[in-house]
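Colleague: One structure is given below, represented as structure tokens, and several questions about it will come after.
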Amino acid sequence: MGGNTVTATRTVVALAGIGTIGFSAIGFSAIGVSSAAVAAPGVEACGVVPAGAEVTRSGDVCQVDFRTAGDYSWTVPPGLAGLYAVVAGAGGGALNPFPEVGYAGSGGDVRHVDLGTEAAGTPLSLTVGAGGATLDASPGGSSTIDGLLVNAEALGGESGLAASLCSSSVAVAQVALGDGAGGPAPEFAEPCETSAVPGLAPASDPDVADVPAFPIFAGFADTLGAGGRVVFAPATLDAPVNLIGSGRGADVLVSDLGEVVGADTAGGSGRVVVRFIVAADAPVPTPPAIGNNNQLAATGADVTGLLAGAGALGLLGALAFAYGRRRNASRNRQS
């Protein structure tokens, strides 16, 4: 009988221990997960983020932005109410054939593209053109979108050409502005440093084929495809402009003595920007309050039920343990 009493006691203690340990382990797990599982508002409803792209979301509009030269792929996600793109070719490089002669590169074309006929699951191939070099004055590369039903191309800007000159009482060099996607460079623009031909604003301007801007691009802040400028030194020599994703032509820099010193950088790379509206019932993750998160980070399981079960198990074990002690004491008195 003594051996049975010991066995029963050990069993009860084991049950109590399991309940307590289970409660403690899951409780500490929940405490540990509480801050780690708090997620920032995400873009999961925008689909899989492709390599080389930046994905953002504003309201129900998702944007997939490619601005570094190269080849990419992107698959149309399900649940779209519209699918549109802006495609900009890369800017051309500047030409500096002689010390006193320089011609800025032209900006790449800008195209508005309706991709709404492409079905969910359609793989799109995208290319962002590379900016033209400055030494050999190469043109900018074209940017493209290739789908099953829609193909679009925005040509890169021409290399520096002696098509239009800018006049200045300071510079004695022969210099020329580059054309922009918004139109050709004016002849004898004045003054040179403020006469760059503007590009196109996808938020409001028709593209180079006179296709009106799409409303979904309202609020798009950048201007694409501007013509290269003629800029006077020395103020701007040490402050080259970041042209990545601008489609802008390379600038020509002119020294105080009227000597053309080349371009500050190559032409700007092109750009491909896709925007679409997500379905009204698409999941929009929201971060839970700090310290009140009941989701397991790794599995997404609900911790609340586990905590309740563990608590009940712990209480059961404690009651069984107390009952066992009383029963054991009673038997000792009887013996």
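The values are calculated or read from the model by the stated rules, or taken from the named source; none is laboratory data. Since we're looking at a predicted model, the values are computed, not measured. Cβ sites come from the backbone with ideal geometry, for glycine too, and all protein chains shown count toward neighbours.
Colleague: D71: touching a residue at least 40 places away in the same chain (Cβ under 8 Å), surrounded by fewer than 19 Cβ atoms within 10 Å (Cβ to Cβ), farther than 18 Å from V150 by Cβ and acidic (D, E), yes or no?
Modeller: Values: touching a residue at least 40 places away in the same chain (Cβ under 8 Å): yes; surrounded by fewer than 19 Cβ atoms within 10 Å (Cβ to Cβ): yes; farther than 18 Å from V150 by Cβ: no; acidic (D, E): yes.
No, not satisfied.
Colleague: Return yes when D210 is modelled with pLDDT of 95 or more and in contact with a strand residue (DSSP E or B) (Cβ under 6 Å, 6 or more places away or on another chain) and no when it is not.
Modeller: Here the answer is no, as D210 does not meet what is asked.
Colleague: Return yes or no: is R57 out of contact with any Lys or Arg (no Cβ under 6 Å at 6 or more places or on another chain), crowded, with 16+ Cβ neighbours inside 10 Å, basic (K, R) and farther than 30 Å from S195 by Cβ? I'd like the intermediate steps shown before the answer.
Modeller: On the way: out of contact with any Lys or Arg (no Cβ under 6 Å at 6 or more places or on another chain): yes; crowded, with 16+ Cβ neighbours inside 10 Å: yes; basic (K, R): yes; farther than 30 Å from S195 by Cβ: yes.
When the stated conditions are applied, R57 passes them.
Colleague: For the stretch 126-137, check the following and say yes or no: at least one residue is over 21 Å from A181 (Cβ atoms) and in contact with a Gly (Cβ under 9 Å, 6 or more places away or on another chain).
Modeller: yes
Colleague: Okay, moving on. Considering only the stretch 81-95, how many residues are in a strand (DSSP E or B) and of a type outside the set (A, V, I, L, M)?
Modeller: 2
Colleague: Here is a check on your reading of the model: is P78 modelled with pLDDT under 95, part of a loop (DSSP other than H, G, I, E, B) and surrounded by fewer than 24 Cβ atoms within 10 Å (Cβ to Cβ)?
Modeller: yes
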